[in-house]
Amino acid sequence: MASQNDIDVVLKRSKQKHVVDPIGELNRLVGELQRAEAIHPDEAFILRFIRSHLIENDEISRNCLTRRGNEKGVDALYIDHAPRQVNLIQGKYRLQNVGKPEKIQDVLQLAHYGPLLTGNGDGVTKWTESIDVSIKEKLKEAWRLIRHKEYGLNLYYVTTGSISRAILRNAEDTAFNSRRRHLQFETFFGSRSNTRRAATRRQLRKFADLLDVLEI
C-alpha cells in the first residue's frame with residue numbers, strides 16, 4: 001500500500017503541474033494483471049483488490065474468483081481462517097464512464113448477504129438453489145462458519161463508479177439488519193473529480209487505499 005511519503009511525493013508533483021491520474025494508473029495495472037492471468041478485465045480488477053487488501057498469494061487469490069454467470073452479486077469469496085473472517089467482494093470496473101452512479105439494486109444485492117449469512121440456514125438454502133456451482137458450496141460453508149464458529153463477515157463493494165449517500169445508507173441499513181457485531185460493509189469507489197481535477201490529499205488517500213495504484 002502506498003505510504004504517506006509516496007502520497008506526499010505525488011502531491012508535490014501535482015503542484016508542479018504534473019497531471020495526477022490514479023484511474024489511468026489503475027487501468028494500466030489491471031491490464032497487466034488481465035494479460036498475465038488470461039482473465040476478463042473486471043475479474044482482474046477484483047483480483048487486484050484481493051491481492052492488495054486480503055491475500056497476496058497468487059493461487060489462493062485466483063481461486064477466490066467466482067465464474068462469470070449466475071453468481072448473484074458475489075464476484076469473489078475469500079475465507080481467512082487465521083483471523084476468522086469471511087470476505088465477499090462485488091466489483092464494477094469500467095474503462096469508460098468513470099464515476100457513473102451505481103444502481104441501487106446492485107449495491108443492495110451485496111448488502112443482502114449481511115442478514116442472509118447471519119440468519120438461519122433456510123434463507124441460504126433457498127438463495128443458493130439456482131446459483132452457480134462455483135459459489136454455491138462456498139456460501140454454505142461461509143454461513144456455517146459465521147453461524148456456528150463466530151466468524152466475522154466483511155462485505156466489499158469495489159467500483160470505479162460512484163455511490164450516492166442515499167443508496168449507501170440504504171445498503172448499510174440492509175446489511176446491518178442482522179444486528180451482529182462482527183459484520184462490516186465497506187465501499188471503495190471513485191468519482192470523475194478524482195481523475196479530471198487537481199488531486200487533493202483526501203482524494204489521493206482514497207485512491208491509494210483503493211487498489212494500491214500509487215506504487216511509485
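The values are calculated or read from the model by the stated rules, or taken from the named source; none is laboratory data. The structure presented is a predicted model; accordingly, all values stated were derived computationally and were not measured. Counting neighbours? That spans all protein chains shown, and the Cβs are built from the backbone with ideal geometry, glycine included.
Numerical summary
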read-out	value
Tally, over the stretch 141-167, of residues that are surrounded by fewer than 17 Cβ atoms within 10 Å (Cβ to Cβ), closer than 18 Å to L88 by Cα and touching a residue at least 12 places away in the same chain (Cβ under 8 Å)	4
Condition met for I146 (at pLDDT 85 or above, β-branched (V, I, T) and within 21 Å of E43 (Cα to Cα))	no
Output for the stretch 6-48, where each listed residue is in a loop (DSSP other than H, G, I, E, B), at pLDDT below 75 and crowded, with 16+ Cβ neighbours inside 10 Å	V20, D21
Among (1) modelled with pLDDT under 90; (2) surrounded by 21 or more Cβ atoms within 10 Å (Cβ to Cβ), the one test that R68 misses	(2)
Single condition T125 does not satisfy, out of (1) of a type in the set (S, T, Y); (2) within 20 Å of E43 (Cα to Cα); (3) free of Cβ contacts under 8 Å to residues at least 40 places away in the same chain	(2)
Matching residues in the stretch 89-121 - criterion: being among the aliphatic types (A, V, I, L, M) and either more than 22 Å from D132 (Cβ to Cβ) or modelled with pLDDT of 95 or more (or both)	L95, V98, I104
Which listed residue, of G91, G99, is surrounded by fewer than 19 Cβ atoms within 10 Å (Cβ to Cβ) and touching a residue at least 40 places away in the same chain (Cβ under 8 Å)	G99
The listed residue being of a type in the set (K, R) and in contact with a strand residue (DSSP E or B) (Cβ under 7 Å, 6 or more places away or on another chain), out of R84, R144, R48, R94	R84
